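The values are calculated or read from the model by the stated rules, or taken from the named source; none is laboratory data. Keep in mind that this is a model prediction, so the values were computed, not measured. So basically every Cβ, Gly included, is an ideal-geometry build from the backbone, and we count neighbours across all protein chains shown. We work out accessible area using only protein heavy atoms, side chains counted, and drop any ligands, DNA or RNA first. Shrake-Rupley method; radii C 1.70, N 1.55, O 1.52, S 1.80 Å.
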Amino acid sequence: PPQSSRCVTASSVLALDRINRMLDDRINALIFRHFSTKQPQDLPSGRTLQSLFYGDYGLRKAPEKADDEPVRREESVAILLERMRSHVLGVPPARDHWDPFYSIVLHGPPGTGKTTFLEALALSCEVPLLEVTPSDIVVGGEDAIERRARAVFKALSLLTRVVIIFDEFDPVLRRRDPTLSSPSTVFSFLTPGMLPKLKTLNMTAKQRGVAYGLVTNLIGSLDEASVRSGRFDGRVGIYPPDLLSRAGRLWSEILELEPSLSNSNIP
């Protein structure tokens, strides 16, 4: 028509969006075939971010300003994971001063729930959880390890609305020992090449609604450059819960069994 039609324009935009989503879903499906992937229905039911963390109780509340400067408190892992969730879902941040946050290193002793947190993130977002391990890089043999690493991270950069977990990735990102004359493992020479790959993944994750995390028990043994800002947005230690955390968790479980206690005066 000689004049633009709002209805036709809106329909065209919606059609292009559907086509784009269809292509993204097709690319995701092709990549999922080559990795261990769990769909939301395959994750432990009911284990969402909300179910893993108890209320704040106001203990972390701080005044908005002190001496005309904004107060920045260290954010808990619960808040950081919610910020990652908002990124995957495409929800704008609640605060203007929050920087984008979509990648994290969770470190601490075994059995503290590092993997569980990322599973809960994927379930809360209702998106697939894709697991990457060193075996995904060495599947083609030692001679093709660098080529395979490039292919793996190229594939990861094409994903859309997915949570990625790097599990048992310590050998790939381990700090290099300058005293050794020869590589100690097949992954030793990979570490320098991983830095640009992680940087590229960080940039594409921002654009494609992807969140990713590295879980490790040995944060001190990792190459510092590989886990700093620009590759991962933050590092959080996950340790056994303190007394207050245990008490809060116990109280939440009691309330599920006896909801009538929620109106009692028990502190």
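Calculated FRET efficiency, residue 41 and residue 221, Cβ-Cβ r, R0 35 Å, to nearest 0.05? Step by step, r from the Cβ atoms, then E = 0.45. Amide H to amide H, with H built 1.01 Å from N, residue 174 comes under 5 Å of 223, counting only residues 5 or more places away or on other chains.
Across the range 202-210, computed HN-Hα scalar couplings (Karplus, 6.51 cos²θ - 1.76 cosθ + 1.60, θ = phi - 60°) run 4, 6, 6, 4, 5, 8, 10, x, 10 Hz from first to last residue, x flagging Gly and Pro.
At the residue level, residue 246 shows approximately 130 square angstrom of accessible surface with a 1.4 angstrom probe and all protein chains present. The label-point distance for residue 91 and residue 11, in a model that sets each label 7 Å from Cα toward Cβ, rounds to 3.4 nm.
Each residue of the range 122-176 gets 91 Å³ once the volume of the Cα convex hull is shared out per residue. Taking every protein chain into account, the 1.4 Å probe leaves residue 79 with about 70 Å² of accessible area, to the nearest ten.
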